[in-house]
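**Student:** Input: one structure, supplied below.
The values are calculated or read from the model by the stated rules, or taken from the named source; none is laboratory data. Predicted model, so just to flag it, every value in this text is computed and none were measured. We place every Cβ from the backbone using ideal geometry, glycine too, and count neighbours over all the protein chains shown. Note: areas computed on protein heavy atoms with side chains; ligands, DNA, RNA excluded. Shrake-Rupley method; radii C 1.70, N 1.55, O 1.52, S 1.80 Å.
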Amino acid sequence: SQQGEEDPQALSIQEGENATMNCSYKTSINNLQWYRQNSGRGLVHLILIRSNEREKHSGRLRVTLDTSKKSSSLLITASRAADTASYFCATAPTGANSKLTFGKGITLSVRP
Amino acid sequence: AAGVIQSPRHLIKEKRETATLKCYPIPRHDTVYWYQQGPGQDPQFLISFYEKMQSDKGSIPDRFSAQQFSDYHSELNMSSLELGDSALYFCASSRDRGHGTEAFFGQGTRLTVV
């Protein structure tokens, strides 16, 4: 499997519910980032968590990072129809290189 | 605030033609990345530059080349275009090789090869 594998691949929830998306990766990382993409549009940065952090919050977003398990989760609380989009995790590796590797996206549908 | 600017937004080319995509990073960002995203696919890393020098190379075909200029803008040159090159091409920029800060993406160039 590839670096930055997300699961589930697709998620459908009712407005107001919470959405949890998971991501796993393989190599050592400097940080992990979550992005959102509306269909055919650009990638919007949501949140970055560094390898020495375990949890981070930003508004309705909560991200966790478990470096021992090489996994991260993104929680969106009180979802809204406008949260409907594809979500990607991306990892920045350790070392002197510049390569942000994306995993397969999770398609989130929030039903009004 | 200034964002990453890509041009053109849309491009239609015929097979075997060449295409040049341009990217203007956010001021004072020292790292530029190029990604290719096919329909329904995740973004695939092509190449990156740090301080105008090539930093990392991903799954970039030999038919493609890129460079970063003295004003930090970058260009992705694509030759002998194939139908399979049809995709969204994103440029992103960040500071400090992306180690400490997030990468900001442009709106992308949609390339259609016919």
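**Student:** Looking at the stretch A:76-94, can you tell me whether even one residue there is surrounded by fewer than 17 Cβ atoms within 10 Å (Cβ to Cβ), under 23 Å from B:Y35 (Cα atoms) and in contact with a strand residue (DSSP E or B) (Cβ under 9 Å, 6 or more places away or on another chain)?
**Tutor:** yes
**Student:** From the list B:L76, B:L88, which residue is away from chain A (no Cβ under 14 Å) and in a strand (DSSP E or B)?
**Tutor:** B:L76
**Student:** Moving on. Return the total of residues in the stretch B:1-39 being hydrophobic (A, V, I, L, M, F, W, C) and closer than 14 Å to B:L88 by Cα.
**Tutor:** 6
**Student:** Scan (1) touching a residue at least 12 places away in the same chain (Cβ under 8 Å); (2) touching a Pro at 6+ places or on another chain (Cβ under 9 Å) for the single condition A:S73 breaks and write down its number.
**Tutor:** (2)
**Student:** Let me ask another. Right, A:S51: among the hydroxyl-bearing types (S, T, Y), closer than 12 Å to A:C89 by Cβ and open to solvent by less than 50 Å² (accessible area, probe 1.4 Å) or not?
**Tutor:** The answer is no for A:S51.
**Student:** Kindly indicate whether any position in the stretch A:9-31 is without any contact (Cβ under 8 Å) to a residue 60 or more places away in the chain, surrounded by fewer than 14 Cβ atoms within 10 Å (Cβ to Cβ) and small (G, A, S).
**Tutor:** Scanning the stretch A:9-31 turns up no residue that is without any contact (Cβ under 8 Å) to a residue 60 or more places away in the chain, surrounded by fewer than 14 Cβ atoms within 10 Å (Cβ to Cβ) and small (G, A, S).
**Student:** Check the stretch B:94-101 and report whether any residue there is open to solvent by 10 Å² or more (accessible area, probe 1.4 Å), assigned to a helix (DSSP H, G or I) and facing chain A (nearest Cβ under 10 Å).
**Tutor:** yes
**Student:** Restricting to the stretch A:1-40, give me the number of residues that are closer than 10 Å to A:C89 by Cα, at pLDDT 90 or above and among the charged types (D, E, K, R).
**Tutor:** Residues meeting the conditions: 1.
**Student:** Taking the options A:K70, A:K99, A:K56, name whichever one is open to solvent by 40 Å² or more (accessible area, probe 1.4 Å) and within 18 Å of B:Q44 (Cβ to Cβ).
**Tutor:** A:K99
**Student:** Restricting to the stretch A:25-80, count the residues that are among the aromatic types (F, W, Y), more than 12 Å from every other protein chain (Cβ to nearest Cβ) and not in a loop (DSSP other than H, G, I, E, B).
**Tutor:** Counting residues in the stretch A:25-80 that are among the aromatic types (F, W, Y), more than 12 Å from every other protein chain (Cβ to nearest Cβ) and not in a loop (DSSP other than H, G, I, E, B) gives 0.
**Student:** Go through (1) more than 9 Å from every other protein chain (Cβ to nearest Cβ); (2) in contact (Cβ under 8 Å) with a residue 60 or more places away in the chain; (3) surrounded by fewer than 20 Cβ atoms within 10 Å (Cβ to Cβ) one by one and return the number of the condition A:K104 breaks.
**Tutor:** Every condition holds for A:K104 apart from (1).
**Student:** Starting from residues that are surrounded by 15 or more Cβ atoms within 10 Å (Cβ to Cβ) and more than 8 Å from chain A (Cβ to nearest Cβ), keep the ones in the stretch B:27-51 and report whichever is nearest to the chain's Cα centre (by Cα).
**Tutor:** B:W34
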